[in-house]
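One structure is given here, and the rest of the page talks about it.
The values are calculated or read from the model by the stated rules, or taken from the named source; none is laboratory data. Computed from a prediction, not measured in an experiment: that's the story for all the values here. Cβ coordinates were reconstructed from backbone atoms using ideal geometry, including for glycine residues, and neighbour counts include every protein chain displayed. Heads up: the accessible areas ignore ligands, DNA and RNA and are worked out on the full protein's heavy atoms, side chains in. Shrake-Rupley method; radii C 1.70, N 1.55, O 1.52, S 1.80 Å.
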Amino acid sequence: MDRQAAPSMIQFIYHYLPFGEEAFIKLHKAGVNMLKKLTDHVYYFPHSEETDRPVLGLICGEKYSFIVDAGNSPAHASLFLEEVEKMGVPPIKGVAITHWHWDHTFGIHAMNKYTISHHLTKKKLAYLKTLRWDDDALDKRVREGEEIEFCRDMIKKEMPSRETLILQEPDVTFHHHMEVDLGGITCCIQHIGGVHAQDSSIIYIPQETVLFLGDCLCPDLYSGDWSYDKEDFERIKRELKKYDAQYYLSSHFDPETSEELWRDLNQLSAIGEIVGDEVDLEKACFQFECETYKKPTNEQKERIQYFVNGNIKRKSRELF
């Protein structure tokens, strides 16, 4: 998430590789390992904008290795496992799922590994298994407001045919916290929630001071207009502050240092504070101008809109 200067609404959530998926696959076929090394024991498979493929993580201990998220399709999961195979790392102990959204879970079956998630993630996946995933069914759910157009379009692009798609629930769940010992390296899986997905979990590797964030810092996309809830955003910031992390990996962005992430989050918080409880965009923009002595840029106006939308949703809930 390029929080320093927010681009268009879609780009605000998805900031991608400088090359497309076709080039990515060509490099893979040429024998270039696309897993990037972040620290001595942590690697990541970069995100790609072509079909909304998120970051996949690989944590390697002395005895075992561990994966973060399962990918958005069998093809994505398989490509990742092929890259891992080239490295000769310790055997994979399992996969941690950050949240239930399709781009993080549709590769679970292809991964064919012991899978861990929050209990709400399992509940959502059990429901997704009851749905049809052909084009007509996807289109119908978009019309009815259950699915959003962006995800529908990316699913169709990533998997033109879904006849053989198998959705799978995790093998084990937790409610608050779980730790996985890889031998000298520990994966601490913690539920954090948030407006993007109530089941969101983060994965912390204390020995490497690395924190996988999933999409926990992203806005709410599924309940009407895209939005942030100021109070919940600040709650998540407080939770993240508890971790001594040098590197942060969000699912659809390049890794960020601690300095980069907190600078960006504080800028976003400042906008939320200026908006306050305002539910009118023009008034919120006027408040911004009074506080900063300059008109908001288009990018800043989009961020202001997210917090305004969150206020509207909160007031609507309070009425009922």
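Looking at the structure I just gave you, is I271 over 29 Å from I97 (Cα atoms), in contact (Cβ under 8 Å) with a residue 12 or more places away in the chain and buried (at least 20 other Cβ atoms within 10 Å of the Cβ)?
Details: over 29 Å from I97 (Cα atoms): yes; in contact (Cβ under 8 Å) with a residue 12 or more places away in the chain: yes; buried (at least 20 other Cβ atoms within 10 Å of the Cβ): yes.
Answer is yes for this residue.
Is there any pair with a first residue in segment 127-149 that is in contact (Cβ under 8 Å) with a residue 60 or more places away in the chain and a second that is surrounded by 14 or more Cβ atoms within 10 Å (Cβ to Cβ) and among the β-branched types (V, I, T) whose Cβ atoms are under 8 Å apart and which are 6 or more apart or on different chains, and what are they?
Here the result reads I148/V142, each pair linking segment 127-149 to a residue that is surrounded by 14 or more Cβ atoms within 10 Å (Cβ to Cβ) and among the β-branched types (V, I, T).
Scan segment 140-151 for residues that are part of a loop (DSSP other than H, G, I, E, B) and in contact with a helix residue (DSSP H, G or I) (Cβ under 9 Å, 6 or more places away or on another chain) and report the count.
Going through segment 140-151 one residue at a time, the tally reaches 3.
Tell me, please, whether a residue that is polar (S, T, N, Q) and touching a Ser or Thr at 6+ places or on another chain (Cβ under 6 Å) can be found in segment 201-215.
Yes, there is a match, as at least one residue in segment 201-215 is polar (S, T, N, Q) and touching a Ser or Thr at 6+ places or on another chain (Cβ under 6 Å).
So which strands (runs of 3 or more DSSP E) are wholly in segment 156-263 and hold at least 2 residues that are at pLDDT 95 or above and either open to solvent by 50 Å² or more (accessible area, probe 1.4 Å) or at positive phi (or both)? Explain how you work it out, then say what you get.
On the way: elements: 172-174, 177-181, 186-191, 201-205, 210-214, 247-250.
Those strands (runs of 3 or more DSSP E) span 177-181.
Every residue in segment 110-139 that is in a helix (DSSP H, G or I), surrounded by fewer than 14 Cβ atoms within 10 Å (Cβ to Cβ) and not small (G, A, S), please.
Those that are in a helix (DSSP H, G or I), surrounded by fewer than 14 Cβ atoms within 10 Å (Cβ to Cβ) and not small (G, A, S): Y127, D136.
Which pairs do you get when a residue that is over 15 Å from E278 (Cβ atoms), found in segment 292-320, comes within reach of a residue that is in a helix (DSSP H, G or I) and aromatic (F, W, Y), reach meaning Cβ atoms under 9 angstrom, with the pair 6+ apart or on two chains?
Listed pairs, sorted by first residue: K294/F288; K295/F288; E299/F12; E302/F12.
Is at least one residue of segment 254-263 closer than 30 Å to K37 by Cα and touching a Ser or Thr at 6+ places or on another chain (Cβ under 8 Å)? Let's see the steps before the verdict.
First pass over segment 254-263, keeping only residues closer than 30 Å to K37 by Cα: 254-263.
Then drop every residue that is not touching a Ser or Thr at 6+ places or on another chain (Cβ under 8 Å), which leaves 256.
Yes, segment 254-263 contains a residue that is closer than 30 Å to K37 by Cα and touching a Ser or Thr at 6+ places or on another chain (Cβ under 8 Å).
Considering each of C290, C285 in turn, give the residue that is part of a helix (DSSP H, G or I), open to solvent by less than 20 Å² (accessible area, probe 1.4 Å) and of a type outside the set (D, E, K, R).
None of the others qualify; the one that does is C285.
Quick one: is D244 charged (D, E, K, R) and touching a Ser or Thr at 6+ places or on another chain (Cβ under 7 Å)?
So D244 passes the test.
Counting only residues that are modelled with pLDDT of 90 or more and more than 15 Å from S251 (Cβ to Cβ), which one in segment 24-41 is surrounded by the most Cβ atoms within 10 Å (Cβ to Cβ)?
Residues of segment 24-41 modelled with pLDDT of 90 or more: 35-41.
If we keep only those that are more than 15 Å from S251 (Cβ to Cβ) too, we end up with 35, 37, 39-41.
On the way: L35: 18, K37: 12, T39: 14, D40: 10, H41: 20.
Applying the filter and picking the extreme gives H41.
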